[in-house]
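The values are calculated or read from the model by the stated rules, or taken from the named source; none is laboratory data. For clarity, every value in this text was computed on a predicted model and none was experimentally measured. Ideal geometry is used to build each Cβ from the backbone, glycine not excepted, and the neighbour counts take in all protein chains shown. With ligands, DNA and RNA removed, areas are computed over all heavy atoms of the protein, side chains included. Shrake-Rupley method; radii C 1.70, N 1.55, O 1.52, S 1.80 Å.
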Amino acid sequence: MVQFPAGFQWGISTSAHQYEGGNVHNQWHEWEARGRIRSGDKCGAACNWWTHAEEDLDRAHQLGLNALRVSLEWSRLEPKPGKWDKHAIRRYREILKAIRSRGMRVFTSLHHFTHPTWFEYKGAFTSNEGPRHFDLFTERVITEFGDLCTDWVTFNEPNVYAAFGYLFGEFPPGRVNDLQAGMAALIGVHRAHALAYDTIHRLQPDAGVGIAINYVVFRAATHGLSDRMLARVYDAAFNRSTLSFLKTGSMPGTMSVLAGRVPEVVGKIDFVGLNIYNRLHVRWPKGTDRTGGIFVPPDVPQGDHGIELPYGEAFPDAVIPAVEAYAQLKKPIYILENGVPDRTDRIRPWVIVKTLENVGKLLERGFDIRGYFHWSLVDNFEWNEGWRLRFGLFEVDPRTQKRSPRLSARLYRDIISQNSISDSALEHFGKAPAARV
Ligand code: BGC
């Protein structure tokens, strides 16, 4: 049996664009209109949360959750610079109250990949003015919603935002290998975090302010020096950038020479959020290889396959190095996302049980982990993959909005109600599944 401490936060994570529907003033809507969603799907009503969040919040409550993570859509609140939408403020207040009234602590992200198109046109976080705009947004948010929430995630995954938007062309603005802009975006985001951190604490002294970091294990395909070196570079640049900014004000190792410094961000963190999904394999790329040497071997456990690319190796042990690395900051840690795309729920139970078993072992070793949030409650709009990758404890039919619980919903509910994983669950779901079928 794996026992969790009293008061452990059991949550699920969501984000505005992926859940609400009708978000037409952000850069992702424009990306979709330009035909850049690979599946061709439309975000449309998404999971219908703008009008019907309460129905899923009832489902969340029935699972026994005591925490829930949402994000506020900046482009909905401030569709034009300085023009605030009163209706949107009112609706968000309703949603935050609805979460709290169901006994769940709210964690609110201020930026989960999306922002207004007007902000995108100004160069977003690559522009010198970007952090200041974000800070003004933050100030207004705390003024409007500070009575309903004290746990703030300024940014979701600065590393994914910068890499996918400026190096891989997978997210807007769709740049490819634009290292300079990618670095500027990463620096801008950490600058913005530093400003927002101070603003939040000025207005709300008891607030907790964190960042959610995506942590991927990079495994060298061979013992060869070049493969190992490349895996190490990816690990430093992707996994440790935020860690390094918070500790030293710059990128890790020799990368600090190439990138600008953000001395004002050092130490500005009250809790660490870790988003944990995958392991990727790395070999030194040959001539025409455009994947940067990253691949997923066919014989490892995987859930749904992306339209062109595999999603990654499902790897519950990733939580161990992630926590070990970020514990250096000596702050409470929340696993703010963990899950797997798995339409048939073939390997999700294993991912949940093994990840939580690892969390239990880390707690025993004395790491200060305060909660686990599953990604996600219901199937939702998975960025470039649209409805292709299914992450929900509940299945959604986007045409009818009908929900059906997967087995994992029951499993998660049982773990929460016992505040532990039973021996039978460990035995039943603890064995690594076969590779993708
Ligand atoms: C993101 C989510 C996304 C999830 C699954 C995370 O990196 O924060 O928005 O849906 O991964 O891919």
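The table for this structure:
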| item | result |
| --- | --- |
| Candidates 46, 33 - the one that is at positive phi and at pLDDT 95 or above | 46 |
| Scope segment 324-352; condition within 17 Å of residue 11 (Cβ to Cβ), hydrophobic (A, V, I, L, M, F, W, C) and either more than 16 Å from the ligand (Cβ to nearest atom) or open to solvent by 10 Å² or more (accessible area, probe 1.4 Å) (or both); matching residues | 333 |
| For residue 415: the one exception among (1) within 27 Å of residue 307 (Cβ to Cβ); (2) among the β-branched types (Val, Ile, Thr); (3) modelled with pLDDT of 95 or more | (1) |
| Condition check for residue 65: under 25 Å from residue 395 (Cα atoms), more than 16 Å from the ligand (Cβ to nearest atom), of a type in the set (A, V, I, L, M) and surrounded by 22 or more Cβ atoms within 10 Å (Cβ to Cβ) | yes |
| Unique match (being touching a residue at least 24 places away in the same chain (Cβ under 8 Å) and within 28 Å of residue 135 (Cβ to Cβ)) among 64, 11 | 11 |
| Residues located in segment 364-396, provided they are assigned to a loop (DSSP other than H, G, I, E, B) and acidic (Asp, Glu) | 368, 379, 382 |
| Tally of residues being part of a helix (DSSP H, G or I), closer than 28 Å to residue 410 by Cβ and under 20 Å from the mean Cα position of the chain (by Cα) across segment 28-52 | 1 |
| Test: residue 233 is in a helix (DSSP H, G or I), under 29 Å from residue 131 (Cα atoms) and either more than 16 Å from the ligand (Cβ to nearest atom) or among the β-branched types (Val, Ile, Thr) (or both) | yes |
| Sole residue being more than 16 Å from the ligand (Cβ to nearest atom), modelled with pLDDT of 95 or more and of a type in the set (Gly, Ala, Ser), chosen from 212, 181 | 181 |
| Complete set of residues in segment 92-111 that are open to solvent by less than 20 Å² (accessible area, probe 1.4 Å) and either in contact with a strand residue (DSSP E or B) (Cβ under 8 Å, 6 or more places away or on another chain) or of a type outside the set (A, V, I, L, M) (or both) | 92, 95, 96, 99, 104, 106, 107, 108, 109, 110, 111 |
| Members of segment 300-325 that are in contact with a helix residue (DSSP H, G or I) (Cβ under 7 Å, 6 or more places away or on another chain), hydrophobic (A, V, I, L, M, F, W, C) and within 17 Å of residue 356 (Cβ to Cβ) | 314, 319, 320, 323 |
| Count of segment 265-323 residues which are away from the ligand (no atom under 16 Å from the Cβ), assigned to a strand (DSSP E or B) and within 30 Å of residue 199 (Cα to Cα) | 1 |
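Matching residues to (1) open to solvent by 50 Å² or more (accessible area, probe 1.4 Å); (2) over 24 Å from residue 180 (Cα atoms); (3) in contact with a His (Cβ under 7 Å, 6 or more places away or on another chain):
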site: 279; (1), (2), (3): no, yes, no
site: 292; (1), (2), (3): no, no, no
site: 295; (1), (2), (3): no, yes, yes
site: 307; (1), (2), (3): yes, yes, no
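Quick grid of which residues meet (1) farther than 30 Å from residue 86 by Cα; (2) over 20 Å from the mean Cα position of the chain (by Cα); (3) crowded, with 23+ Cβ neighbours inside 10 Å:
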| site | (1), (2), (3) |
| --- | --- |
| 128 | no, yes, no |
| 135 | no, yes, no |
| 140 | no, yes, no |
| 144 | no, yes, no |
| 147 | no, yes, no |
| 154 | no, no, yes |
| 180 | yes, yes, no |
| 192 | no, no, yes |
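Here is a yes/no grid of residues against (1) farther than 23 Å from residue 199 by Cα; (2) basic (Lys, Arg):
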residue	(1), (2)
70	no, no
90	no, yes
94	yes, no
105	no, yes
110	no, no
113	no, no
128	no, no
131	no, no
137	no, no
